[in-house]
Amino acid sequence: MEVQVFMANGLYLGYSDYLPNPYTRITCVARAVAGKWRRAEDFSADLPPFGKVFAVSLSWLQLNQPVAITAVLNPRTSLDENKDQFIVDQAKPLRQVVDFRKRGMEAARAALLEKGVVRVAPRSSELIAAISDTQCAVVTLTEHPVSGRLVAPSGAIKLFKLNPEVFSGDKFDDQFLEIPGVTVGEFQEEIHWQMDQDLLDTVLKRLKKVDEVGPSKTERERIISVLNRASALAQEQPEWDSLNEWLESYSARAQDHLNSAKEVALALSELAPVRDELELIRARAVVELRSDLEPVVRAEIENDLSELYDKWDTVEQEVEKEKTKLGEALNEYEDVSKTLTTFRRQLFTEVAELNGALGDIREPDCESSQGLVERLKESLGSSGALIQPVNQTLPPWARVDQLTMGQPIDFKTFTERLSVDARRTGLNIEDLSALDIALRSGALTILPQAAAEIVVPAYANSAAGGEFVRQPLGPAILSLDDLWTEPVRGALTAFARSWNAAIKNSERFYLVWLDGLQRTPMDVWLPSLIGVLASQHRPKNLLVAASLDAPLLDRDRFFPNLDKVAVPLDPSLKGLRPASFLTGHNKTAHQNTVLTTDQSPEIDGADLLDYLDDVQVEKDSATSLEAGMFRAACHYAEGNTSAADILMRIAVLRDNGRSWLKSLFEN
């Protein structure tokens, strides 16, 4: 009995004698031995008295469906020795194992995804594909609506460890069947299977990126459309059966012919006599063509251009006269421009002092003070908007200056200025460029506290005339409304005033620094802010940066997905030149500049879609965030350098920022 119990506790393969009602009897035909099934004619010695096992309840089992079972002693055998001595303990349906080990992964993909199979193990929709001696894929098959064959879906395919001993065992209905818990081992990795047309599209896209003469997006779509149409017709029309086989075989035959011709030509060209003869023929052809065609072509060109030469001389004389006039006009313009610049600077200085004096009035809201301001505005006419008394109750870092004295510049000049500032201060130009792209993309840009103290003022000098507002954050920020009005006083915050200023003046950028995210319960208000910044109501010329450092106010109230919806950056401060930050007290300090907003870059829609496809495969980032980054990077694109190339260049900086943010939250 001890031997029987040991053997009965093994794994058996059997079939149901009749449909469960809900009980049935299982006739065992094989036993699992060392990772494979071994058939036997009679298991009555292992499972007395008839080599069968009674199943008390096995309602899911069907006729002719193989099942793997383990058995235990029947507690009621003492009543009748002619009854089954064992009952089913555990039962599991079996899946077919197909051998692709010699053909490899691509053969398995083409066979299961493109062609399909006619049948699998009875009552099973899954199949195990052995890719190598150590690895297998488990795929779920569905019926193809046209061919009726069972095919695997495209997308993620999971790979598991394989025990190849199953192939040295017996087959059942000409199929290898798995040993549950033995054939398929632990999970190893996940791969992606794609249809031929999707793989072709990927190949053509990548070819376009590295080969200037590669097919365009329209040509790629047409190639894929023709292949899809041919494949569909070959499957739908019975009279296309011969063409279906031809489509599969002709490609290989044609490729062989093309390769053969190319190989023959290359082999012949390497022979010295042939190479020398070809060179002589080419040289003689060049000499003959030149001697025959050169006199004719020269005469025709001179005849056609004789009148143009006369006109050219006349035009050159007129151009010289106009150049002289243009030089005089440019000199006059430079003199006037210098005068206007000096006058503008002096005017802004005087108006700023006047606004400060008006803001110092003891009772600025009284009727006499308001009347004085209105009379000044009326006397200045269209320039009356310059009169804006400074609210002395606000701290200097929270005031929005509408009268910045920075010099307006275009984007090309801005990049040159940014590069000069980077060299002067010792900052990395790639860090400043990444900061610029992130801010102008509309995303919330997050910096370490120490880095923000350096790079935010440096960036403001180049982009916003040195002006930015700094809004300190604290535990009182519990909702998005608290970021707009101060919870205690009810006054507008620096963020709100910058927002309103950006709406009033869309010709320049306004920079806001949210100082100290760590001092707030981030999870209750920060998601709302990110949503508002991504909405259409947000002023496009409002740039928002935030600083973050340890320790957090409450380690349970952070925003775990912040790196996916914002742009964290960790600029390097290793090469700083501290003395360069004192130039603000020097008469030779650089004049601050203001980047104008009236510059829209050209955006290649196809490149944008390709970039978003690549990003979705590699990173789990928000599509709207990456689209904004692409639009901002288009300003840097020139020549053979695309916006995608710019973003690839700063990808390492973005990865460093994500690592810094995750480390801060985890530690």
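The values are calculated or read from the model by the stated rules, or taken from the named source; none is laboratory data. Only a predicted model underlies this, so the values are computations on that prediction, with no experimental measurement involved. Virtual Cβ from ideal backbone geometry, glycine too; neighbours counted across all protein chains shown.
Here the range 78-122 is the region considered, the condition is being without any contact (Cβ under 8 Å) to a residue 40 or more places away in the chain, of a type in the set (D, E, K, R) and assigned by TED's automatic domain parsing to the domain that holds C136, and the residue that is surrounded by the fewest Cβ atoms within 10 Å (Cβ to Cβ) is K102. Answer with yes or no whether V420 is under 25 Å from N561 (Cβ atoms) and touching a residue at least 12 places away in the same chain (Cβ under 8 Å). Criteria not met by V420.
Within the range 58-115, the residues that satisfy the criterion of being in a loop (DSSP other than H, G, I, E, B), closer than 22 Å to T183 by Cα and touching a helix residue (DSSP H, G or I) at 6+ places or on another chain (Cβ under 9 Å) are F100, R101, R103. Please go through the range 64-77 and give me each residue that is within 25 Å of V97 (Cβ to Cβ) and either modelled with pLDDT of 90 or more or surrounded by 13 or more Cβ atoms within 10 Å (Cβ to Cβ) (or both), ordered by number. Answer for the range 64-77, where residues must be within 25 Å of V97 (Cβ to Cβ) and either modelled with pLDDT of 90 or more or surrounded by 13 or more Cβ atoms within 10 Å (Cβ to Cβ) (or both): Q65, P66, V67, A68, I69, T70, A71.
Only one entry in A40, A34 is surrounded by fewer than 17 Cβ atoms within 10 Å (Cβ to Cβ) and free of Cβ contacts under 8 Å to residues at least 60 places away in the same chain, namely A40. Filtered by the rule that a residue be in contact (Cβ under 8 Å) with a residue 60 or more places away in the chain, polar (S, T, N, Q) and either outside any loop (DSSP other than H, G, I, E, B) or surrounded by 14 or more Cβ atoms within 10 Å (Cβ to Cβ) (or both), the range 123-171 gives N163, S168.
Table: residues versus (1) outside the structural domain of P521 (by TED's automatic domain parsing); (2) of a type in the set (A, V, I, L, M, F, W, C); (3) in contact (Cβ under 8 Å) with a residue 24 or more places away in the chain.
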position	(1), (2), (3)
Q471	no, no, yes
L480	no, yes, yes
V488	no, yes, no
A494	no, yes, yes
I503	no, yes, yes
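Looking at R290, R275, just one residue is modelled with pLDDT of 80 or more and surrounded by 10 or more Cβ atoms within 10 Å (Cβ to Cβ), and that residue is R290. From the list L94, L11, the one residue that fits, being closer than 19 Å to L127 by Cα, at pLDDT 90 or above and not acidic (D, E), is L94.
Does the range 633-648 include one or more residues that are farther than 15 Å from S441 by Cβ, surrounded by 15 or more Cβ atoms within 10 Å (Cβ to Cβ) and touching a residue at least 12 places away in the same chain (Cβ under 8 Å)? Checked against the condition, which is being farther than 15 Å from S441 by Cβ, surrounded by 15 or more Cβ atoms within 10 Å (Cβ to Cβ) and touching a residue at least 12 places away in the same chain (Cβ under 8 Å), the range 633-648 yields at least one hit.
Of all residues in the range 423-444, none that is in the same structural domain as L526 (by TED's automatic domain parsing) and more than 17 Å from A627 (Cα to Cα) has its Cβ atom under 6 Å from the Cβ atom of a residue that is surrounded by 17 or more Cβ atoms within 10 Å (Cβ to Cβ) and acidic (D, E), 6 or more apart or on another chain. Checking every residue in the range 600-609 against the condition of being assigned by TED's automatic domain parsing to the domain that holds A463 and at pLDDT 85 or above gives at least one match.
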